[in-house]
Every structure is written in structure tokens, then in C-alpha cells.
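Okay, structure first, notes after.
The values are calculated or read from the model by the stated rules, or taken from the named source; none is laboratory data. In this text the structure is predicted, and so the values were computed from the model without any measurement. With ideal geometry, Cβ positions are generated from the backbone for all residues, glycine too; neighbour counts draw on all protein chains shown.
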Amino acid sequence: MSEIPKDHPRYASLLTREKIVEGVEIGITSQQGLVAQGRGECFDYLTGEQTTASAFLAEKVSVAMLLLAERPVLSVNGNAAALVPDSLVKLSDVTGAPLEVNLFHRTEERVNRIIDHLKDNGASEVLGSKADARLELQHSRGIVDSEGIYNADVVLVPLEDGDRCQALVDMGKSVITIDLNPLSRTSRTATVTIVDNVVRAVDNMIDLSSELKGLDEAELRKIVNDYDNSRTLSDAVRQMIRKLEELSDT
Ligand code: ATP
């Protein structure tokens, strides 16, 4: 990884970029993943590269959903594995939701590399290599594990593509996504959309898990029932408009 001076004003963003490049170099992230990261960075600029209040609320609701779920699963793709492997392992530990590798550009080699990478970061078990069930999707995008995503009631799908998100929702699952683009099909289709950078969102969710674990079931249900995802999406767009207006006035 190239050396980035710690006092660089955009240190966090540049470090994230380096991690994705390294993910490609070690064969866990696809080249298309680089393009997706660039798209995310653009939207992150527009939110001021920080977690907004409405994104934080969506993170809280998501943790409540994962804690209430009977069969929660955290789906991991090549970008998430490159950016936040250790945090995903921690989130899996604190919520009891297993990790499953699920790739758009799937090869068995890449699935196994990501599983090994997650294990190097502390995971004991990772689903995804069995690939014995299918979602209603063409090609490898639909390949899942019968004991993981296929049977899950709540699935976290960070940086997802719209078709797969729709297929999971059509199966009656509650789908949580982390996606900096509030306009993407995924963001518009998910049950809960966290419009935040995955590198901030997952760590916030780990902290929220410790806090919410102290609540009883009725209190967790209230957090989920009071939530309105369309409001989160419009807040995210409004936040970006405000930021652009601010900049256009300077
Ligand atoms: P859709 O199919 O949902 O309309 P898409 O074709 O852009 O969207 P992908 O290419 O799979 O789907 O994109 C992944 C999404 O992840 C993009 O919307 C991108 O903005 C977002 N994204 C990329 N990097 C990050 C990141 N670090 N944190 C959060 N979101 C990100």
C-alpha cells in the first residue's frame, strides 16, 4: 500500500481507496469494484464525508432488525471484504448473524480467497462456498447458501446491485443495504437504506449493537416500527442539495 501522510485533509478517503486497490491486487475485489468505489466516493463528497443523523437512525434500526431476526445473515462482496473485513467479523459476533460471501462477479477462487481473508481477520465460519441454492436471477448472481441467505429472514447487503436486492425483497426478506447513492435501484428497493460509507456504517453498527442489546424485544420492535425508509431517502437527497447550495454560494 502506498504511504499516505496522516495529515492529508482527505486521509480517510485516500486510505479507503488504497484498500480497494489492494483488494484487487490480492484477488478479492473485482475491477468493476473499483468503479463502484469511485461512484460511492462522489456521493460521499456530497454528504460531507460524515454520518448524517438520518443515516445514523437507519443504522440503529438495522441493528434492531438484526437482533430481532431469527435467521439474520451478513452478505459480503469483494468491496466490503477489502474495506471492512475485521469490522464485519465483529458485527457478525455481536449480532449473531453469520457471514456469507455472495459475489456479482463470482469465481470459486475468489469466493475462497474472501473466505480465507475473513478468517485471517478473525472469522471462525464463513458461508458461501457450498452454493446449493438459487435466487430468481440469471447467472452466478443468484447462487447462495441454503443455510444462509436463501433461508434468512433479515439480510444485510452492503454495496449491492439492484436486481439482487429486488430478488431478496421479492422472497419476503427484510433487506438492509449500505449504499452512498440514495438514487440507486438498491437504495430504492431495500427495506432499510443506510446512506453512509461502509467504513463508517459498520463500525457505528458495532457500537449500536452493544447499546441495543440492553433493550427488551418490545423496545427493539418499537424502534423498527417507528421507522420510515422513504424519509431516510428524501433526507439524504435533501442533505446533498443543501451541500451543493452551500458550495454554490461561496
Ligand atoms: P443499482 O443496480 O442498485 O442501481 P449500481 O449499478 O450502481 O446500482 P453497483 O455497481 O453494485 O450497483 O454499486 C454499488 C453501490 O455501492 C453504488 O451505488 C455505490 O455508490 C455504492 N458504494 C460504493 N462504494 C461504497 C462505500 N464505500 N460505501 C457505501 N456505498 C458505496
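Worth pointing out:
- Being within 16 Å of the chain's Cα centre (by Cα), more than 22 Å from Leu208 (Cβ to Cβ), assigned to a helix (DSSP H, G or I) and within 14 Å of the ligand (Cβ to nearest atom) holds for only one residue in Gln32, Gln37, and it is Gln37.
- Among residues of segment 82-114, those that are touching a helix residue (DSSP H, G or I) at 6+ places or on another chain (Cβ under 9 Å), farther than 19 Å from Val198 by Cα and part of a helix (DSSP H, G or I), counted: 2
- Residue identified as more than 16 Å from the ligand (Cβ to nearest atom) and either surrounded by 21 or more Cβ atoms within 10 Å (Cβ to Cβ) or within 17 Å of Leu66 (Cα to Cα) (or both) among Ile115, Ile178: Ile115
- Of the residues in segment 160-169, not one is buried (at least 20 other Cβ atoms within 10 Å of the Cβ), more than 22 Å from Gln37 (Cβ to Cβ), more than 14 Å from the ligand (Cβ to nearest atom) and touching a residue at least 12 places away in the same chain (Cβ under 8 Å).
- Qualifying residue in segment 49-61 (condition: among the polar types (S, T, N, Q), surrounded by 24 or more Cβ atoms within 10 Å (Cβ to Cβ) and closer than 25 Å to Leu208 by Cα): no
- Which listed residue is within 16 Å of the chain's Cα centre (by Cα), farther than 18 Å from Asn121 by Cα and away from the ligand (no atom under 12 Å from the Cβ), from Val63, Val89, Val21: Val63
- The condition of being within 12 Å of the ligand (Cβ to nearest atom), modelled with pLDDT of 95 or more and among the β-branched types (Val, Ile, Thr) holds for only one of Thr47, Thr95, Thr51, Thr16, that being Thr51.
- Sole exception among (1) within 16 Å of the ligand (Cβ to nearest atom); (2) farther than 28 Å from Ile26 by Cβ; (3) among the charged types (D, E, K, R); (4) in contact (Cβ under 8 Å) with a residue 60 or more places away in the chain for Arg188, by number: (4)
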